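Take a look at the structure set out below.
The values are calculated or read from the model by the stated rules, or taken from the named source; none is laboratory data. All figures in this text were calculated on a predicted structure; none of them were measured in a lab. All Cβ positions, glycine included, derive from the backbone under ideal geometry; neighbour counts span all protein chains shown. SASA here: full protein model, heavy atoms, side chains in, ligands and nucleic acids out. Shrake-Rupley method; radii C 1.70, N 1.55, O 1.52, S 1.80 Å.
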Amino acid sequence: MGQIVDEDSLFEAATKAYEDKMYSAAEASFEQFLTHYQVSDRFILATELRLLCRAEAQYERGEYEESARSFFELVRTFPNSPRYMLALIGEAQTRARLGETARALEILSTADSDFRKFFQANPENELAVRGQLLLIELHIEGGRFTDAETALSRLPDIGSDTASYWRVEFLKARVLLGKKQLDAAGAVVASLLTGLGEEDRSERYARTVMLKASILEAKEAFEEARVELQRNIRPEAPADMRREALLKTVDLQMRQGSHGPALATLTQFIEDYPEDEARDLLKLTAGEIHLSRFYETAGTNKLENIELLMDADSFFQQVIQDHPESELVGDAWLNRGWAMWERALVGREDEIFRNAGEAFRAAYQVLPQSAEKASAKFKQADCSFESSDFRSATILYQEVVAEYEVLPGVADEIIDLALYRLVKAGVAEEDQGLANRAMQEILTRFQRSNHFEQRSYLPLGHGLNRMNRPASEARDVFHAFIERFPQSDLIPEAQLGLARSFEREGNWPSAIEIYDRWMGDHGGHHNQPSAQYYRAVAYDANGQTAKALDLLLEFLEEFSGHSLAQLAQNRVADYYWEQGDIVAAEQNYQHVFQSEVWPRNRVSYQARIMASRCAFLRQAYSAARDYLEALLQQFKESETVVADLRGEA
């Protein structure tokens, strides 16, 4: 059993450790004191100091959530302590590190907060200045540069010989940069660098250099910015600042189209600093630059650029092999899959397709739930499809549809593509049941969205648009289905899908041709009303407005109870409005909102507004006012009125 240190010595040792900022040791000593001297008159003070040391130690270890809780407990438990403000500012700083900006601002900027009162009463106090500087940083990070400027103006004069001088001037330059006062910001930074000296090796010097480079970048002086950044790419610079300068240099070179120099810069850095903590990121970035260069050769002979894919793959393999515990391994596998996929497409080599599929499978296994994870499984399926393993491809595409139907941002892109491939797989395998099921889902999605907008899918967040699928993707699927299964009950719907695919491209003559032929071939089909309506829309979009009007009137006569009838009536009114026939337009707009069959909705509200405009133009001001007053009354009765319509009325 160890010897117990006497009360005074133990308390003094704990206090000394605290004053020397050895917070973990101090916490342990205060804990020991509290265990052995529970009746001491310094017990409460030791309790407070133990909690303060715990909060500071947790902050140093990066345990910000725990630190915030400890600081909050201090504030709540010891409101009358002389260390209360220290704890309050500590909580604000920790909340800021956690991204809890609202709570940090509540502590520092609320008019009646304890900190504001403290700052106003003691503006020159070191703690007051520290809290105010934190407030200024929060305003800058939030883009509130005017608020930051105001907060800066409230600081007392800070002498150039004080510890806070550099920080104040640095923040002033950031505010000026944010307000686009670039020359003034540059002058402040130049003064700071002169004061620090060329031989300075501190983090302050490195951060000031980064700020100067940002100012030069804002001036579009990219080469000067790059030269400035080189001052931080040196062994003496802090490692994180050195790495930040490197990545910024590479970014500037890439933006100037200097891919070769960017790769050289990155490769040289990896060789010069083999122990850099972020070398996994640097290798991944190098690989992505190679891959990006390959995609930029679209339209040229990609066979000549196959070496770019090999180089990219080499870097991705280094990430996987050298950094197996890195959180970037999933991205490396995904990118490796893309590099091999493109190689396989060049030579149509089944073996490389299979290898690419394995890479995508590995990516799927380690990536978190995301669009990237979904794309990994989708591309694994594509690899099976391209190597003629249709059974495996079918299973994987079906898993994509089942797993990602409800994932935001994925369904509208990947699900469509997976369904298209399932139809193609059904055609390739002569499996009409599979093709029918996938086609039915495609048609349901087409009907649900009425008119698909052209979409593209970006599988990675690195700006490489690798899966752009225009309307021709859908059209190819519909053609394949129609040709392979001409007796299918879904042929009429597939033909309408063809027409919609042309609409997506704005190819109205081709859409009209299909609609005209469809109406002759499938009279009486349950989709005839919608086909007739969209046929009229296509004629209108093609500039054949008189023909469109005739078709809309025929539609209204035959299908007045259809869900599209209200839209058709509104289009008729629009026709007369565009022709300048104000009276006919007003009468037809009235039909839209006076019908007892059609619902009150945005279309009816908009029609009433248009009727009011017609009345106003024919100088029937009382009628115009009546339309709007009735509309406003409907707005009061409805909780679903769109705000912009309410304002328009």
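Element breakdown for region 191-259 at a 1.4 angstrom probe: carbon and sulfur atoms account for 46% of the accessible area. Taking the C-alpha atoms only, the angle from helix 64-77 to the longest principal axis of the chain is near 60 degrees. Need the C-alpha centroid separation for region 230-257 versus region 419-434, integer Å. What the calculation gives is 51 Å, centre to centre. The listed peptides 331-343, 363-375, ordered by packing as a protection proxy, come out as 331-343, 363-375 (highest mean of other Cβ atoms within 10 Å first).
Accessible area per residue (1.4 Å probe, heavy atoms of protein chains only) ranks D313, D540 as D540, D313, with the largest value leading. In order along region 503-509, the Karplus-derived 3J(HN,Hα) couplings, from 6.51 cos²θ - 1.76 cosθ + 1.60 at θ = phi - 60°, round to 4, 4, 8, x, 8, 5, x Hz, and Gly and Pro are given as x. Exactly which trypsin sites (Lys or Arg not before Pro) in region 156-263 are in a DSSP loop and have at most 14 other Cβ atoms within 10 Å? Qualifying residues, ordered by number: K179, K180, R201, K219. Computed on the Cα trace of region 254-397, the radius of gyration divided by the Kirkwood hydrodynamic radius gives Rg/Rh = 0.99. Considering only N601, A425, Q579, the residue lying farthest towards the positive end of the dipole of the chain is Q579, judged by Cα position with unit charges set on Cβ. In the context of the full protein assembly, S113 retains an accessible surface of approximately 10 Å², using a probe radius of 1.4 Å and ignoring ligands and nucleic acids. Judged by the ratio a/c of the largest to the smallest principal axis of the C-alpha gyration tensor, region 174-298 counts as oblate, that ratio being 1.5 or greater while a/b is no larger than b/c. Legend: residues Y575, Y420, Y621, sorted from most to least accessible area (1.4 Å probe; ligands, DNA and RNA excluded), read Y621, Y575, Y420. The computed log10 I(q)/I(0) by the Debye sum over Cα atoms at q = 0.05 Å⁻¹ for the structure shown corresponds, within (i) -0.42; (ii) -0.47; (iii) -0.25, to (i).
Taking square-rooted eigenvalues a ≥ b ≥ c of the alpha carbon gyration tensor, is region 547-614 rounded, prolate or oblate, where a/c under 1.5 means rounded and, failing that, a/b exceeding b/c means prolate? Oblate. The simple spin-label model puts a point 7 Å past each Cα toward its Cβ; for D161 and D20 those points are separated by 3.0 nm. Between E349 and D476, the simple spin-label model (points 7 angstrom out along Cα→Cβ) gives 2.3 nm.
Each semi-axis of the equivalent ellipsoid for region 504-589 is √(5λ) with λ an eigenvalue of the Cα gyration tensor; in descending order they amount to 22, 16, 9 Å. Multiplying the residue separation of F43 and Y621 by 0.36 nm and removing their Cα-Cα distance gives an extension gain of 199.7 nm. The GluC sites (Glu not before Pro) of region 157-210 that meet both conditions, a loop assignment by DSSP and at most 15 other Cβ atoms within 10 Å of the site Cβ, are E198, E199. Under the simplified labelling scheme, the T110-R255 pair shows an inter-label distance of 4.0 nm, with each label point 7 Å from Cα along Cα→Cβ. Over the chain, accessible surface divided per residue gives 49 Å², non-protein components excluded, 1.4 Å probe.
Ranked by the mean number of other Cβ atoms within 10 Å per residue, highest first, peptides 127-138, 383-394 order as 127-138, 383-394. Remark: the Cα gyration tensor places region 119-216 in the oblate category, a/c being 1.5 or greater and a/b not exceeding b/c.
Extension gain, N507 to D240: 0.36 nm times the residue separation minus the Cα-Cα distance gives 90.8 nm. Ligands, DNA and RNA left out, the 1.4 Å accessible surface of region 479-623 is 46% carbon and sulfur atoms.
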